[in-house]
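FYI, it's all coordinate maths here, none of it is from the lab. Quantities reported herein were computed from a predicted structural model and do not represent experimental measurements. A quick note on method: Cβ atoms are made from the backbone with ideal geometry, for glycine too, and the neighbour counts reach across all protein chains shown.
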Ligand SMILES: [Fe+2]
Ligand SMILES: [Fe+2]
């Protein structure tokens, strides 16, 4: 199967410096590339990732200054989940974020993993999820997604003990991000919203070649179906989930700050990408020609609800134009924009970011405490 997992997710921020502070100093990711939106060179495009920009670890932001807040809904991504090692690491994240003024919900036992939820300064809903126990826990290994499951009742909203969950945290302050906590392991999953999961399955499984690896319900609203696709082994980092919201009153996603612009799936090379391009074309699904993004090459299509989905190559990678020691520190432009460097740089507000490797020690409440509402997880359906 040509798709190897998630490549990156691209969201919208209204304030690049505030965004850099949160994702580097608070969450401990590396600003691995500072460039502009190739389709709108007057604005930043910032890439956060592990040390080298490994596909699957990459979270990117377009800066749209003064953009109004977006809203999740049908045709959009609801949240993105990052991987962490285990429950202790999760509790340390809760303590660290809470001490920095970020409101955190959870830890919630999601049966297949355990999660906390919070928002970035633009209102983006973020989740941190443990790797284990994994999607195979309630289905025979090798054939996940076959059974239509319901969430274990004890884990659902209204049954679980919210007060006990809210009180759980790490007993000591967590000023530094240790190796067990690091979020540079990459994305665990992304969760979007669909109006018809069967139609979405025909797109993700039938055309893109992903496997349907879980069919269950939303643990916060078990009447809402929640399906997961990924590589056949249901590996964290490959998982794309959709909530199914079929009500005619369901609201559509509104693009803006704190919302996902698109998500990107990874293919190893151009040949694998061409296979998917031909499959989409053959099915009459609109798909762009190959776009040169310098660090990867991309084609763009849309899921059945109109959400932009990109298929990006793992090659050539983020170190093609900068050494690993300093990547991300200077403004990089694609060759076709270099002639306009002075004008482009003049229009951008210079950014300050910590040198790499950084330990997150310099995070302060000012880098984090801009959003005062913890996410209501039920809002996938509203
Ligand atoms: Fe992209
Ligand atoms: Fe999630």
Problem - Overall form of the stretch 58-150 per C-alpha gyration tensor (a/c, 1.5; a/b vs b/c) - result: oblate
Completion exercise
Computed over the stretch 146-277, the distribution of all Cα-Cα distances in 5 Å bins, rounded to whole %, is 2, 8, 13, 16, 17, 17, 13, 7, 4, 2, 0
Completion exercise
GNM on the chain, Cα springs under 10 Å; top mean-square fluctuation among 197, 100, 337 goes to 337
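Over its Cα atoms, what ratio of radius of gyration to 2.2 N^0.38 Å does the chain give? Numbers along the way, then the final one.
On the way: Rg = 19.8 Å, N = 382, 2.2 N^0.38 = 21.1 Å.
That works out to 0.94 for the chain.
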Handout entry: Alpha carbon Rg of the stretch 80-237, scaled by the compact-globule rule 2.2 N^0.38 Å
Key = 1.07
Fill in the blank from the handout: When 120, 39 are ranked with the fewest other C-beta atoms within 10 Å first, the list becomes 39, 120
Completion exercise
The residues 181, 255, sorted from fewest to most surrounding Cβ atoms within 10 Å, come out as 255, 181
Completion exercise
Under a Gaussian network model of the chain whose springs join Cα atoms within less than 10 Å, the largest fluctuation of 21, 131, 269 belongs to 269
Practice task
Above 15 angstrom, tally the Cα pairs of the stretch 210-266 and express them as a % of all pairs, no decimals.
Solution key: 61 percent
Handout entry: Three-way shape call for the stretch 1-91 based on the alpha-carbon gyration tensor, with the a/c threshold at 1.5
Key = rounded
Practice task
Consider a paramagnetic label point 7 Å from the Cα of residue 168 along Cα→Cβ; state which residues of the stretch 87-105 have an amide N under 13 Å from it.
Solution key: 87-95, 105
Fill in the blank from the handout: Ranked on Cβ counts within 10 Å of their own Cβ, fewest leading, 311, 294, 254 go 254, 294, 311
Fill in the blank from the handout: Listed residues 105, 69, 341; largest mean-square fluctuation, Gaussian network over the chain with Cα springs below 10 Å, found at 341
